[in-house]
Amino acid sequence: MSLTRADVEKVSLLARLALTPDELDALTVQLGEIIRYVQQLGELDTRDVQPLSHAMDLTNVFADDTLLPSLDREQALANAPKRDAECYRVPAMLGDESSR
Amino acid sequence: MNGTPYTTVIGLEVHVQLKTRTKLFCRCSTAFGAAPNTQTCPVCIGLPGSLPVMNRQAYVLALKTALALHCDIPACTKWDRKNYFYPDLPKGYQISQFDLPMSRDGYLDIGDPQGRFPDRRVRILRAHLEEDAGKSMHDEVAGRADSRIDLNRAGTPLLEIVTHPDLRSPEETKAYLTELKLLLSYIDVSDCNMQEGSLRVDANVNLHLPSPSGTIATPIVEIKNMNSFRAVERALAFEAARQYQVWQETGRKLGDVPKQTRGWDDQAQVTRAQRHKEESSDYRYFPDPDLVPVRVTPAEIDAARAALGELPAALRDRLVTTYALDRYDADVLVNQGRPLVDYFEQVAAQCQDPKRASNWIQQDVLRTLNERGIGIAEFAVAPPVLAELLRMVGSGTLDTMRGRQVLQQMVDTGSDLATAIAALGITEMSDEALVTLCRELLAANPKIVADVKNGKQQALGALIGQARKRNPNADPTRVRKVCAELIEEM
């Protein structure tokens, strides 16, 4: 699998990165090299290797359903670029306010 | 289908908020209605360096639900990041489950005792855990067109239950939702309060039209923003009609246009196209490195299944077989929830007359509960008392109408059975008193006597009301019998 300029453009849009045409060209080459590097793994015979979904050999790390203190509102909102007395404020979002 | 030239094909995604005290990956409260941004912490507002830890109870409740939906439970499940940008999603991704959901391949059976649609097995594609987003509120106060964000809800545990497109009408869809909600209340995993957002429904709908070259499908539309089961029914009915009209105008088929999302406008009673999310199919899921997989053993699954208790479908069957109720009656009782069924079973066992117990509970008891807006737990008449009353009605000591008055008296005053009967002045009429009363009635109503003699037995009915006016203790059955005998002798 090789990476096209269109792939990079699409991913940059999804990642909200505004790239110049020059940056797109450069990143297409650089990301392509990274993918080719990782693709070397494909040369290994992994038929007898168990699939892995996590790097640590741990499962079932749970916490009890016990309430702990939350941040107070002033702390929570401290880093907000824009806020009012109760809420974060962001540029208007219209239309889709339902669950995803 | 219902006289329309098409079949409506519907699949549902239901998000259910699980009844935990704390969030899915942090220990902030999930309580509804708190002041904005007072139930958040570094984990659920996505501050750098914070780490999520899975809520055990959320997994337990999800497992319970999945088993009640007859799902297969894979031995291993894991967490994935669903990446998208939205102001109510502080981390820039939602922790969800992609390729290894905690359950898959279940079903929920629905039916209608009144036969408005056929019994149907609705297949469940999967049920997976995920965290909720925050809440956004549009605010145009003082000309500022901002949105306000409250992150209290961010991180609340949701179980997303996805069906195959097996539903065929708005009525079936409502039945599925009603049955799902009932099931969730029986196993006590969610409040299912649509107003508070603890149960949310999105529907995928399109039409199948017969044609000489096979079935034609119209483009699939996802409907959102439906805030009640009634809204779901109406939105689907509207959307089916709309799609048929668009099909007639454009001839567009499935695949001709991208999948559209439409929002239900409950005020206007229409669906409206929503702005398309950008390139939205590409969520770039990848395993969340901050969370380890969950493994569950067959023994743990068996134990959870054994602890489920009796589910509504099995309970209906048992009421039909144990108490010889018909399916409609079993349905009414079971749909009221387990506490009412428990009440019924106690009354039925103690009065030895399940059919009568079922009738009285469905009519008199439920009416009182509805009128007063109370549950069976608050109902003033305990099962042994109602059972005793029904025994008296069954044996003829009290007629049905008097029985109803006694029940009402107990409900109104909270008194016991004997007190209620005494307060209403109820005593059994002696045979002599009853015969005297009947003779008086016949003497006063020669026309009725003549009618009965001419074979119009139903004319006797008019005498019963008169009898009760003269003496409320007059038992209608005995009045009818005695009057008939007296006329015979005349």
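The values are calculated or read from the model by the stated rules, or taken from the named source; none is laboratory data. In this text, all values refer to a predicted model and were calculated from it rather than measured experimentally. Here the Cβ is made from the backbone with ideal geometry for all residues, glycine too, and neighbour counts use every protein chain on show. The accessibility values were calculated without ligands, DNA or RNA, using every heavy atom of the protein model including side chains. Shrake-Rupley method; radii C 1.70, N 1.55, O 1.52, S 1.80 Å.
Show that you can apply the helix-only estimate: for chain B, add -39,500 (n - 2.57) for every DSSP H stretch of four or more residues, divide by all residues, and state [θ] at 222 nm to the nearest 500.
So the helix-based figure for chain B works out to -12000 deg cm²/dmol.
Taking only Cα atoms of the protein assembly as shown, what ratio of Rg to Rh do you get with Rh as the Kirkwood inverse-distance radius?
Details: Rg = 32.4 Å, Rh = 29.1 Å.
On the Cα set of the protein assembly as shown, Rg over Rh gives 1.11.
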Under 5 Å, built H, 5+ apart or other chain: amide partners of residue B:103:
B:127
Mean Cα-pair separation over length for chain A, i.e. relative contact order, pairs under 8 Å, 6 or more apart, %
17 percent
Dimensionless Rg/Rh of segment B:145-190, both radii on Cα and Rh by Kirkwood, sits at 1.16
Could you give me the ³J(HN,Hα) list for segment B:239-245, computed from phi with Karplus coefficients 6.51, -1.76, 1.60 and θ = phi - 60°, whole Hz, x at Gly and Pro?
5, 4, 5, 5, 5, 5, 5
How are the alpha carbon pair distances in segment B:120-222 distributed across 5 Å bins from zero to the largest one, expressed in percent?
2, 9, 14, 18, 16, 12, 10, 8, 6, 3, 1, 0
Can you give the Rg and Dmax of chain A based on its C-alpha atoms, in angstrom?
22.3, 59
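Considering only protein heavy atoms, with the full assembly of protein chains and a 1.4 angstrom probe, order B:43, B:122 by accessible area, largest first.
Details: B:43 30, B:122 0 Å².
Solvent-accessible surface, decreasing: B:43, B:122.
Rounded to a whole number of µm²/s, how large is the Stokes-Einstein D of chain B at 4 °C and 1.567 mPa s, given Rh as the Kirkwood radius over C-alpha pairs? Display every interim value, and only then the final one.
Details: Rh = 27.1 Å.
Answer, rounded: 48 µm²/s.
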Please list, by residue number, every one of the trypsin sites (Lys or Arg not before Pro) in segment B:81-183 that is coil in DSSP and has at most 12 other beta-carbon atoms within 10 Å.
B:116, B:144
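Beyond 11 Å, what share of the Cα-Cα pairs of segment A:28-72 remains, rounded to the nearest whole percent? List each step's numbers first, then the result.
On the way: 803 of 990 pairs.
The calculated P(r) of segment A:28-72 puts 81 percent of pairs beyond 11 Å.
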Low-density loop cleavage sites - trypsin sites (Lys or Arg not before Pro) in segment A:1-48, where at most 15 other Cβ are within 10 Å (DSSP)
A:16, A:47
Residues whose built amide H sits under 5 Å from the amide H of residue B:265, excluding neighbours closer than 5 in sequence, are B:270, B:271, B:272
Given charges at Cβ of Lys, Arg, Asp, Glu: chain B dipole, positive-most of B:251, B:348, B:460
B:251
Let me know the Rg and Dmax you get for segment B:431-489 when you use only its Cα atoms, in Å.
10.2, 29
Calculate one ³J(HN,Hα) per residue across segment B:388-404 by plugging θ = phi - 60° into the Karplus curve 6.51 cos²θ - 1.76 cosθ + 1.60, and present them in order as whole Hz with x for glycine and proline.
4, 4, 5, 4, 5, 5, x, 7, x, 4, 10, 7, 4, 5, 5, x, 4
Segment B:173-298, Rg to Rh (Cα coordinates; Rh as Kirkwood inverse mean 1/r)
1.06
If you keep only loop residues by DSSP, which GluC sites (Glu not before Pro) in segment B:183-251 have at most 13 other Cβ atoms within 10 Å of their Cβ?
B:196
Per residue of A:53-59, count partner chain C-beta atoms within 10 Å of its C-beta, then hand back the mean as an integer.
5
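Using Cα pairs under 8 angstrom and six or more residues apart, how large is the relative contact order of chain B, in percent? Could you put the intermediate results ahead of the total?
Working: 815 pairs, mean separation 66.7, N = 490.
Reported as a whole number, the value is 14 percent.
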Segment B:384-444 to segment B:293-352: how many Å between their Cα centroids?
35 Å
In whole Å, what is the distance between the alpha-carbon centres of segment B:91-130 and segment B:24-39?
27 Å
Once the dipole of segment B:95-236 is set up from charges on Cβ (+1 Lys and Arg, -1 Asp and Glu), the residue from the list B:107, B:207, B:157 lying farthest towards its positive end is B:207
For chain B, the dipole about the Cα centre with charges only on Cβ (Lys and Arg +1, Asp and Glu -1), to the nearest 20 debye, works out at 480 debye
With θ taken as phi - 60° and the coefficients 6.51, -1.76 and 1.60, list the Karplus ³J(HN,Hα) couplings across segment B:474-490 in order, rounded to whole Hz; mark glycine and proline as x.
5, 7, x, 4, 5, 4, 4, 5, 5, 4, 4, 5, 5, 5, 3, 6, 6
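Report relative contact order for segment B:1-88 in percent, whole number only (criteria: Cα-Cα under 8 Å, sequence separation at least 6). Don't jump to the answer; show the numbers that get you there.
Details: 50 pairs, mean separation 19.6, N = 88.
Result for segment B:1-88 is 22 percent.
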Name the residues whose placed amide hydrogens come within less than 5 Å of the amide hydrogen of residue B:40, ignoring near sequence neighbours (fewer than 5 apart) on the same chain.
A:71
For segment B:69-183, what is the Kirkwood estimate of the hydrodynamic radius, computed as the reciprocal of the mean inverse distance between distinct Cα atoms, to one decimal in Å?
16.8 Å
